[in-house]
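Notes for the one structure printed next.
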Amino acid sequence: MISRRDFLKIVSLTPFALQLEAKELLQRGGAPLKEALYYQKLDEKKGIVGCLLCPRGCAIPEGESGFCRARKNIKGKLYSLGYASPCAIHIDPIEKKPFFNVLPTTLSFSIASAGCNLRCKFCQNWQISQVSPLETVNQFALPDKIVTMARANECRSIAYTYTEPTNFYEYMLDTAKIARSNGVLNVSHSNGYINQEPLKALCRYMDAVNIDLKGFSSSFYHQLCEAELEPVLETIKTLKKSGVWVEITNLIIPGHNDDTKMITKMCEWLKNNVGPDVPLHFSRFFPMYKMTSIAPTPVGTLEKAREIALKAGLHYVYIGNVPGHPGENTYCPSCRKMVIKRAGYSVTELNLKNGKCKFCGEKIGGIWTV
């Protein structure tokens with residue numbers, strides 16, 4: 001890691017062109033540069049490096065950034081531009097992530113650095129996900145400070161969210177290690193587009209992950225996200241095998257991923273590969289970013305998707321972005337009585353005792369204690 005003081009020394013000793021580059025990096029709020037953990041040198045003479053963090057495998061020339069805009073080649077080394085440079089710090093109910101089967105009613109200390117390795121045309125946080133950390137207003141917060149702030153604000157978890165956490169991987173990993181040793185849970189909301197080696201290293205410190213499974217066809221991922229489906233499915237399977245609690249969010253976009261056959265196939269895959277206890281959140285689409293001409297998802301479409309998922313054998317199926325809908329609630333898979341009642345992100349009734357249904361004693365899948 002290069003400290004701000006040492007970096008300023010480098011600035012004073014470098015040619016004017018490099019000084020400009022260095023000053024640009026200092027716009028990150030004084031945060032130290034962090035060398036990336038997963039990359040290789042492809043051409044030492046030309047200074048080209050290859051990023052090994054996500055399936056894109058970007059070959060990055062000197063002075064350039066990767067597809068995610070958050071990792072830059074500086075003099076033949078790859079650095080994370082978002083390390084200790086969050087553009088967003090908020091305290092949210094954990095239900096907002098969304099996690100419906102993880103520590104209900106608790107607060108989650110939520111952070112993000114700018115950038116993303118997908119190009120979703122429907123992104124709801126495009127102002128910070130589709131830009132570089134050099135283009136956002138950032139705070140300076142080292143990993144230990146994040147954990148200290150989380151505990152001071154009585155947050156039971158730290159959430160890596162809003163943008164794609166993979167793009168600030170080193171920051172997330174270092175923070176997660178400290179959080180784990182301080183009894184704070186680590187949760188994230190991710191697109192799942194990450195290579196297996198860094199994912200497995202992260203799994204050792206991650207407690208719960210909500211994966212945006214954006215659709216269940218390669219063509220959907222190609223056309224709307226500029227990505228592939230298969231690596232996301234591999235991520236979900238690895239998370240499950242590693243003992244990380246998994247929840248899934250599927251944003252249903254009219255005319256694109258609302259086909260009942262596609263939804264059925266997705267639900268059956270989830271049951272077979274993650275198990276019937278995996279919570280599935282069907283979320284309502286609203287016009288956003290590059291897809292403003294498409295109408296919001298009809299509530300009936302979400303209700304039909306929920307019926308399909310329940311018929312496929314999934315126990316916890318939710319309807320999101322429709323405040324007040326009964327599909328927000330958690331029901332016991334045995335006696336079918338309501339064990340968690342919600343109004344938006346607020347829990348209004350909790351019928352759980354030691355992670356079990358208060359009415360029949362059935363174990364409810366999830367994380368209920370730290």
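The values are calculated or read from the model by the stated rules, or taken from the named source; none is laboratory data. None of these values were measured; they are calculated from a predicted model. Using ideal geometry, Cβ is built from the backbone for each residue, glycine included, and neighbour counts are taken over all protein chains shown.
What pairs come out if I take residues in the range 41-70 that are within 18 Å of residue 113 (Cα to Cα) and pair them with residues that are of a type in the set (Val, Ile, Thr) and assigned to a loop (DSSP other than H, G, I, E, B) whose C-beta lies under 7 Å away, six or more apart or interchain?
53/194; 54/194; 69/131
Rundown of residues vs (1) in contact with a helix residue (DSSP H, G or I) (Cβ under 7 Å, 6 or more places away or on another chain); (2) at pLDDT below 95; (3) within 26 Å of residue 100 (Cα to Cα); (4) not acidic (Asp, Glu), yes/no style:
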residue	(1), (2), (3), (4)
142	no, no, no, yes
147	yes, no, yes, yes
164	yes, no, yes, no
168	no, no, yes, yes
177	no, no, yes, yes
180	no, no, yes, yes
188	yes, no, yes, yes
194	yes, no, yes, yes
198	yes, no, no, yes
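Residue 319 versus (1) in contact (Cβ under 8 Å) with a residue 60 or more places away in the chain; (2) surrounded by 18 or more Cβ atoms within 10 Å (Cβ to Cβ): which is the lone unmet condition?
Unmet condition: (1).
Consider residue 275 carefully, then state whether it is at pLDDT 95 or above and under 28 Å from residue 118 (Cα atoms).
yes
Give me a count of the residues in the range 322-343 that are touching a helix residue (DSSP H, G or I) at 6+ places or on another chain (Cβ under 7 Å), of a type in the set (Val, Ile, Thr) and crowded, with 21+ Cβ neighbours inside 10 Å.
Result for the range 322-343: 0.
Being polar (S, T, N, Q) and within 23 Å of the chain's Cα centre (by Cα) is the filter here, so list the residues in the range 330-346 that pass it.
330, 346
Quick check, is residue 101 within 30 Å of residue 323 (Cβ to Cβ) and either within 15 Å of the chain's Cα centre (by Cα) or assigned by TED's automatic domain parsing to the domain that holds residue 178 (or both)?
So residue 101 fits the description; yes.
Could you tell me whether residue 123 is in a loop (DSSP other than H, G, I, E, B), more than 14 Å from residue 166 (Cα to Cα), assigned by TED's automatic domain parsing to the domain that holds residue 256 and modelled with pLDDT of 95 or more?
yes
For the range 231-290, how many residues are in contact with a Lys or Arg (Cβ under 8 Å, 6 or more places away or on another chain), assigned to a loop (DSSP other than H, G, I, E, B) and under 19 Å from residue 208 (Cβ atoms)?
4
Can you pull out the residues in the range 143-156 that are farther than 13 Å from residue 172 by Cβ and of a type outside the set (D, E, K, R)?
148, 149, 150, 152, 153, 155
Could you list, in sequence order, the residues of the range 208-257 that are charged (D, E, K, R) and surrounded by fewer than 19 Cβ atoms within 10 Å (Cβ to Cβ)?
Answer for the range 208-257, where residues must be charged (D, E, K, R) and surrounded by fewer than 19 Cβ atoms within 10 Å (Cβ to Cβ): 226, 228, 230, 234, 237, 240, 241.
Within the range 195-226, which residues are over 11 Å from the mean Cα position of the chain (by Cα) and under 19 Å from residue 114 (Cα atoms)?
225, 226
Taking into account only those residues within the range 324-347 that are of a type in the set (Ser, Thr, Tyr) and not in a loop (DSSP other than H, G, I, E, B), which is nearest to residue 95 (Cα to Cα)?
It comes out as 346.
How many residues are more than 22 Å from residue 281 (Cα to Cα), part of a helix (DSSP H, G or I) and small (Gly, Ala, Ser) if we restrict to the range 183-218?
1
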